[in-house]
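One structure is given below, encoded as structure tokens.
The values are calculated or read from the model by the stated rules, or taken from the named source; none is laboratory data. Note that the structure is a prediction, hence the values are computed from the model and not measured. Backbone-built Cβ (ideal geometry, glycine too); neighbour counts: all protein chains shown. Keep in mind that these areas ignore ligands, DNA and RNA; they rest on the heavy atoms of the full protein, side chains included. Shrake-Rupley method; radii C 1.70, N 1.55, O 1.52, S 1.80 Å.
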Amino acid sequence: MAQNRNSHGQGSKAQRQLRVGELIRRTLAEVLARGDVHDPDLNRHSITVGEVRTSTDLKVATAFVLPLGGREADEALLALRRNAPELRHLVAKGMTLKYAPELRFQLDETFDMMDDTRRLFEDERVRRDVEAPDTDAPADDDAR
């Protein structure tokens, strides 16, 4: 009997990593929003969990986080790292995994990259290049 190619391949592992990462992201965001951790330094920050990436064995999860407005990001990151064991326990309670992944935290820089890209497209020289007609493209009549 032929095996389903998705049952034992890299695709199924990557798909599982994505699913578990999203589940951890949602659970971690809920824990942080409710203020379940008993640390006033952490609870005074409103933290956005943008993405969670897991290792292939699902034992390490890296959460990309950013406090509201990006203010006091270093302090928030230190508070998260200091409370990682308690956060791991709280996240594991809300999930049905065999092992609770070790949580690691990094600042989410995607918002900064989006701002840089937006600024780049607002530059007059870039806008002129983007809006310029493509002289190498064949005219509609020549395409036939």
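Out of all the residues in segment 97-109, is one or more modelled with pLDDT under 65, farther than 20 Å from Phe64 by Cβ and either exposed (fewer than 11 other Cβ atoms within 10 Å of the Cβ) or aliphatic (A, V, I, L, M) (or both)? Taking every residue of segment 97-109 in turn, none turns out to be modelled with pLDDT under 65, farther than 20 Å from Phe64 by Cβ and either exposed (fewer than 11 other Cβ atoms within 10 Å of the Cβ) or aliphatic (A, V, I, L, M) (or both).
Candidates in segment 19-30 are the residues that are within 21 Å of Gly69 (Cβ to Cβ) and among the hydrophobic types (A, V, I, L, M, F, W, C); of these, the one that is most open to solvent (accessible area, probe 1.4 Å) is Ala29. When you scan segment 127-137, do you find a residue that is part of a helix (DSSP H, G or I), at pLDDT below 90 and closer than 28 Å to Ala14 by Cα, even just one? Within segment 127-137, none of the residues are part of a helix (DSSP H, G or I), at pLDDT below 90 and closer than 28 Å to Ala14 by Cα. Take the conditions out of contact with any Cys (no Cβ under 6 Å at 6 or more places or on another chain), open to solvent by less than 70 Å² (accessible area, probe 1.4 Å) and assigned to a helix (DSSP H, G or I) and apply them to Ala14. Does it pass? Yes, satisfied. Residues in segment 40-59 that are open to solvent by 30 Å² or more (accessible area, probe 1.4 Å) and not polar (S, T, N, Q): Pro40, Asp41, Arg44, Gly50, Glu51, Arg53, Asp57, Lys59.
Scanning segment 60-71 for residues that are open to solvent by less than 70 Å² (accessible area, probe 1.4 Å), touching a His at 6+ places or on another chain (Cβ under 8 Å) and not in a strand (DSSP E or B) yields no hits at all. Scanning segment 78-112 for residues that are closer than 16 Å to Val60 by Cα and in a helix (DSSP H, G or I) turns up Leu80, Arg81, Ala84, Pro85, Glu86, Leu87, Arg88, His89, Leu90, Val91, Ala92.
Return only the number of the condition from (1) surrounded by 13 or more Cβ atoms within 10 Å (Cβ to Cβ); (2) at pLDDT below 90 that Glu75 does not satisfy. Here Glu75 clears every test but (2).
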